[in-house]
Amino acid sequence: MDLKALGCVVLLPIQIFYYIVKATVCWFLPSRRRDLTGDVVLITGGGRGIGRHLAKEFAVRGAKKLILWGRTEKCLKEACEEIALMGTECHYFVCDVANREEVYKQAKVVREKVGDVTILVNNAAVVHGKNLLDSDDDALLKSQHINTMGQFWTTKAFLPRMLELQNGHVVCVNSILSLSPIPGAIDYCTSKASSLAFMESLTLGLLDCPGVGCTTVLPFHTNTEMFQGMRVRFPQLFPPLKPEVVAQKTVDAVRTNTAFVYLPWTMHALVILKSMLPQSALEEIHKFSGSYTCMNTFKGRT
């Protein structure tokens, strides 16, 4: 080992300790927040659920323009009108993110009609809500194409211009189920795990790209119609999150350039426990929490 390599090895623990101390100090100090007044924000799945609340939150925080993508024009139009009444310029485009050609086509239209997107929020998702053997093959593919591959196409469509401008942010509304899967949602858990790996890789890949960052939000069960019927055994201990709270935390994470956000913060304990406990102990935790059966009453979006 040469002296340069040896120096790097010696320096690494010191750097790690420095960044731990820095993060701890920053936790207690107010962070510098991004000014959104010049940003053009595009939200996939923006017509309802968390996406709609995200649009309202970005509007409240002063975003210059909002663009909503989705598959249901009625929902998109209603959401767009609601945002416009708040005084923020808003546009909507019917676009299925699972369709690569459609994403690239609509991205071109967005650039021509609205301008360069500086904040991309990959929020669109579906859940089939069945175990593997009861799942329809086409439904399984649909989940992967929308929840995972859709991020590939939207990010490829908008990231190059962000890098040119040295101004941009890619956001992924993921799920804690990407780290702690449950039975009865195998399609969703698998797609979200793939999505998390995508964002982890992308975040590392953009470390040396000035002005461009990433945020991945991993919320616990959120009270939206997409997971209608899902039941948690102890709702007092594990209450579902409100979509407006997820939206507020997401926008705040974008403004502070926070890479990963667990909602609620207690989900950090889940990550730590999973890395330490044996599988048998984790199975007992799942049984205690009722996650084995929480999808038995699942209805989903009607």
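The values are calculated or read from the model by the stated rules, or taken from the named source; none is laboratory data. Given the structure is predicted, the values throughout are model-derived calculations rather than measurements. Cβ sites come from the backbone with ideal geometry, for glycine too, and all protein chains shown count toward neighbours. Remember, those area values only see protein heavy atoms, side chains included, never the ligands or the DNA or RNA. Shrake-Rupley method; radii C 1.70, N 1.55, O 1.52, S 1.80 Å.
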Notebook entry, point to check: Distance in nm between label sites at Val109 and Asn131, each 7 Å beyond Cα in the beta-carbon direction?
Noted result: 4.3
Item checked: Separation in nanometres of the label points that stand 7 Å from Cα toward Cβ, at Val94 and Leu163 -> 3.4
Checklist line | Surface share of carbon and sulfur [accessible, 1.4 angstrom probe, percent] for region 34-289 | finding: 56
Notebook entry, point to check: Tell me, what is the FRET efficiency for Asp116 and Lys74 to the nearest 0.05, using R0 = 22 angstrom and their Cβ-Cβ distance as r?
Noted result: 0.20
Note to self: For Met276, Met149, Met226, give me the order by solvent-accessible area with a 1.4 Å probe, most accessible first, ignoring ligands, DNA and RNA.
What the structure shows: Met276, Met149, Met226
Margin query: Under 8 Å for C-alpha pairs, at least 6 residues apart: give me the relative contact order for region 34-289, rounded to a whole percent.
Written below: 18
Checklist line | Partner lysines for Lys113 [C-alpha distance under 27 Å; skip if fewer than 8 residues away on the same chain] | finding: Lys56, Lys64, Lys65, Lys74, Lys77, Lys105, Lys156
Check: With every protein chain present, what is the per residue accessible area of region 34-289 (1.4 Å probe, Å²)?
Finding: 47
Check: To the nearest 0.05, how large is the calculated FRET efficiency for Lys274 and Ser194 if R₀ is 22 Å and r is the Cβ-Cβ distance?
Finding: 0.75
Item checked: Label-point separation in nm, Ile285 to Leu141, each point 7 Å along Cα→Cβ -> 3.7
Item checked: Accessible area (Å², 1.4 Å probe, nearest 10) - His91 -> 50
Note to self: Given R₀ = 22 Å, what would the calculated FRET efficiency be for Asn257 paired with Leu11, taking r from the Cβ atoms and rounding to 0.05?
What the structure shows: 0.30
Next item on the list: Can you spot the aspartates and glutamates whose alpha carbon is less than 16 Å from Lys274's alpha carbon? Ignore those fewer than 8 places along the same chain.
Entry: Glu283, Glu284
